[in-house]
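Colleague: Below you will find the structure I want to go over with you.
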Amino acid sequence: IIIGNRASYRLSSLLPQSTLKDNDVIINIGAHIGVFALIASSVVPRGKVYAIEASKDTFNLLRINVAINKLENISIHQIAVADKKGLCTLYHDTGHWGHSITKQISRHTEIVNSLTLEDFLTENGIKRCNFLYLNCEGAEFPILLSSSRHTLEKFDRILADCHTHLWLKNTIDDLLSHLQANGLDARLLENEGGYNRIIAMNPVL
């Protein structure tokens, strides 16, 4: 199902007016089995794609997909990006996607290491990211809302799928306001890819 839907993960679909260069840096939070990461790696062959997946089983499929495709410009990480560093509970959905750290979906869980977006940038020596794509089942809210201006200004473009049914503490307007207050041009894309999405860009672009 995921691979059959790969057209929706193309950069031309996610960022229709994108001018990404072949040496750019892309971060994908919620990489699942790697469909977007594999597509993105071909767009930045001289750059880097950081694929982050929290679930151990799903991460193993991501690892295998990257290995059999011999993609050396993809860096894979089994970790949860959140609003704090430490440990968090990943709640499993009934299928093999949709797992979330923000809402209990079933009684099946796993404990995963977590860190903040700034922590991830620092630990991987990333001074600038040209495209951040978040498809992380509600965690986009705490990740971005806890990120400071110092962190957010390191991104050229941010695209976040908004899973409002999995995060009830804030609204999309709260997220838009936070991004705008910290120097990004942010707007809502309604009903894109099955969810409302937020696109935020560095105004210099």
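The values are calculated or read from the model by the stated rules, or taken from the named source; none is laboratory data. Bear in mind that the values here come from a model prediction, so they are computed numbers and not experimental data. Cβ: placed from backbone, ideal geometry, glycine included. Neighbour counts: every protein chain shown. Please note that ligands, DNA and RNA were not included when accessible areas were found on the heavy atoms of the full protein model with its side chains. Shrake-Rupley method; radii C 1.70, N 1.55, O 1.52, S 1.80 Å.
Colleague: Give Ile126, Ile105 a once-over and let me know the one that is in a loop (DSSP other than H, G, I, E, B), of a type in the set (A, V, I, L, M) and at pLDDT below 95.
Modeller: Result of the check over Ile126, Ile105: Ile105.
Colleague: If you don't mind, there's one more thing I want to ask. So, in segment 3-19, how many residues would count as being open to solvent by less than 30 Å² (accessible area, probe 1.4 Å) and not in a helix (DSSP H, G or I)?
Modeller: 1
Colleague: Could you check segment 20-42 and list, in sequence order, the residues that are closer than 21 Å to His163 by Cβ, assigned to a loop (DSSP other than H, G, I, E, B) and touching a helix residue (DSSP H, G or I) at 6+ places or on another chain (Cβ under 7 Å)?
Modeller: Ala31, His32, Ile33, Gly34 - these are the residues of segment 20-42 that are closer than 21 Å to His163 by Cβ, assigned to a loop (DSSP other than H, G, I, E, B) and touching a helix residue (DSSP H, G or I) at 6+ places or on another chain (Cβ under 7 Å).
Colleague: Further question: Restricting segment 164-205 to residues that are in contact with a helix residue (DSSP H, G or I) (Cβ under 7 Å, 6 or more places away or on another chain) and touching a residue at least 60 places away in the same chain (Cβ under 8 Å), which is surrounded by the fewest Cβ atoms within 10 Å (Cβ to Cβ)?
Modeller: So the residue we want is Gly193.
Colleague: For Pro45, are the conditions met, namely being open to solvent by 40 Å² or more (accessible area, probe 1.4 Å) and either free of Cβ contacts under 8 Å to residues at least 12 places away in the same chain or in a helix (DSSP H, G or I) (or both)?
Modeller: Criteria not met by Pro45.
Colleague: Here is a further query. State whether the residues of segment 124-135 include one that is among the hydroxyl-bearing types (Ser, Thr, Tyr) and touching a residue at least 40 places away in the same chain (Cβ under 8 Å).
Modeller: yes
Colleague: With respect to Glu153, determine if the residue is under 17 Å from the mean Cα position of the chain (by Cα), open to solvent by 30 Å² or more (accessible area, probe 1.4 Å) and without any contact (Cβ under 8 Å) to a residue 12 or more places away in the chain.
Modeller: Here the answer is no, as Glu153 does not meet what is asked.
Colleague: Across segment 66-83, what is the total count of residues that are among the polar types (S, T, N, Q) and open to solvent by less than 40 Å² (accessible area, probe 1.4 Å)?
Modeller: Within segment 66-83, residues that are among the polar types (S, T, N, Q) and open to solvent by less than 40 Å² (accessible area, probe 1.4 Å) number 2.
Colleague: While we're looking at this one, here's another question. Look through segment 20-42, keep the residues that are β-branched (Val, Ile, Thr) and in contact (Cβ under 8 Å) with a residue 40 or more places away in the chain, and return whichever of them is most open to solvent (accessible area, probe 1.4 Å).
Modeller: The extreme case among them is Val25.
Colleague: Considering each of Phe131, Phe155, Phe120 in turn, give the residue that is aromatic (Phe, Trp, Tyr) and farther than 15 Å from Asp185 by Cα.
Modeller: Phe120
Colleague: Now for a different question. Considering segment 65-87 alone, what residues qualify as being of a type in the set (Gly, Ala, Ser) and outside any loop (DSSP other than H, G, I, E, B)?
Modeller: Of everything in segment 65-87, those that are of a type in the set (Gly, Ala, Ser) and outside any loop (DSSP other than H, G, I, E, B) turn out to be Ala67, Ser75, Ala80, Gly86.
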